[in-house]
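Peer 1: Could you have a look at this structure, given as structure tokens, before my questions?
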Amino acid sequence: MNVVYILWLRQLKRSARSKARIIGSFAQPLLYLLAFGFGFGSMFQRAGQGNYIQFLTPGVITMSILFTSIFAGIEVIWDRQFGFLKETLVAPVPRILIMVGRTLGGATVAVLQGIVVFFICLAVGFRTPSLPLLPLALMFMVLTAILFTAVGTALASVLPDFQGFQLVMNFLVMPTFFLSGALFPLSNIPRAMRILANLDPLSYSVDGLRFALIGVTHFGIPLDLAVLCALTAAALAVGGYLFSKIQA
């Protein structure tokens, strides 16, 4: 466990030094929050759905965690290309512990950024009526961060270089976000989109966080937790296996 703690701490320090990436990670959530939140707010209200900022905030927080987590996992490619990964892999410890330590470090950074985005949302008008459920919101944030950091690590373990990263963004990350219900309600959508949304793991993260923050749910909290816990365990297992086979 000391190895996991050391790697977790190392990942935190490394991410803290990447000031440009940290600042940049807030740009996209703010763009969605301000442009969509205020731009589509009147239409959302006329449709009888209430305040769009209230609805959008859980999705924006989840988006921040998603992108930060994926980038933290993809850092494995950077480390491999510049020789940093080889220094870590020669340590006399199981590679699964190295992967877990890196994953927890990246997930911690993602959760912290999600918390910062939450406070930014409060500054622009979001209000949560469910203060006692904030620990539940934190639980969903942690599960989401660990899940997608592990997914990013698994992808980085099989991608030879950064040339495949754009494919990951275009065909995995962006559809995962847009189909999750972060920007629109999942009720009364076309059947094909509903099926895709049900298969999207981020849908359950957004739904759980939305319930914890504003008391609205589509799938139900038991299903949200069950799906996220199962997928997180599976992602850690697959990511650990692929990372154990990686060649530095």
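The values are calculated or read from the model by the stated rules, or taken from the named source; none is laboratory data. The model shown is predicted, which means the values in this text are computed figures rather than measured ones. Note that each Cβ is placed from the backbone with ideal geometry, even for glycine, and that neighbours are counted across all protein chains shown.
Peer 1: Just need a number here: residues in the stretch 165-203 that are over 13 Å from the mean Cα position of the chain (by Cα) and in a loop (DSSP other than H, G, I, E, B).
Peer 2: 10
Residues checked against (1) surrounded by fewer than 23 Cβ atoms within 10 Å (Cβ to Cβ); (2) in contact with an Asp or Glu (Cβ under 7 Å, 6 or more places away or on another chain); (3) outside any helix (DSSP H, G or I):
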{"position": "Thr128", "(1), (2), (3)": "yes, no, yes"}
{"position": "Leu138", "(1), (2), (3)": "yes, no, no"}
{"position": "Met141", "(1), (2), (3)": "no, no, no"}
{"position": "Thr144", "(1), (2), (3)": "no, no, no"}
{"position": "Thr149", "(1), (2), (3)": "no, no, no"}
{"position": "Gln163", "(1), (2), (3)": "yes, no, no"}
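Peer 1: Applying the selection to the stretch 169-199, what residues are under 20 Å from Leu231 (Cα atoms), in contact with a helix residue (DSSP H, G or I) (Cβ under 6 Å, 6 or more places away or on another chain) and not small (Gly, Ala, Ser)?
Peer 2: If the condition is that a residue be under 20 Å from Leu231 (Cα atoms), in contact with a helix residue (DSSP H, G or I) (Cβ under 6 Å, 6 or more places away or on another chain) and not small (Gly, Ala, Ser), then Val173, Thr176, Phe177, Leu179 are the ones that fit.
Peer 1: Mind listing whichever residues of the stretch 204-235 are surrounded by fewer than 22 Cβ atoms within 10 Å (Cβ to Cβ) and part of a helix (DSSP H, G or I)?
Peer 2: Answer for the stretch 204-235, where residues must be surrounded by fewer than 22 Cβ atoms within 10 Å (Cβ to Cβ) and part of a helix (DSSP H, G or I): Ile214, Ile221, Pro222, Leu223, Leu225, Ala226, Val227, Cys229, Ala230, Leu231, Ala233, Ala234.
Peer 1: Separate question: Please count how many residues of the stretch 151-161 are of a type in the set (D, E, K, R) and in a helix (DSSP H, G or I).
Peer 2: So in the stretch 151-161, the residues of a type in the set (D, E, K, R) come out as 161.
Now narrow it down to the ones that are in a helix (DSSP H, G or I): none.
Residues that pass the stated criteria total 0.
Peer 1: Output the residue which, of all residues in the stretch 236-248 that are surrounded by 14 or more Cβ atoms within 10 Å (Cβ to Cβ), of a type in the set (A, V, I, L, M) and part of a helix (DSSP H, G or I), is modelled with the lowest pLDDT.
Peer 2: Looking at the filtered set, the residue picked out is Leu242.
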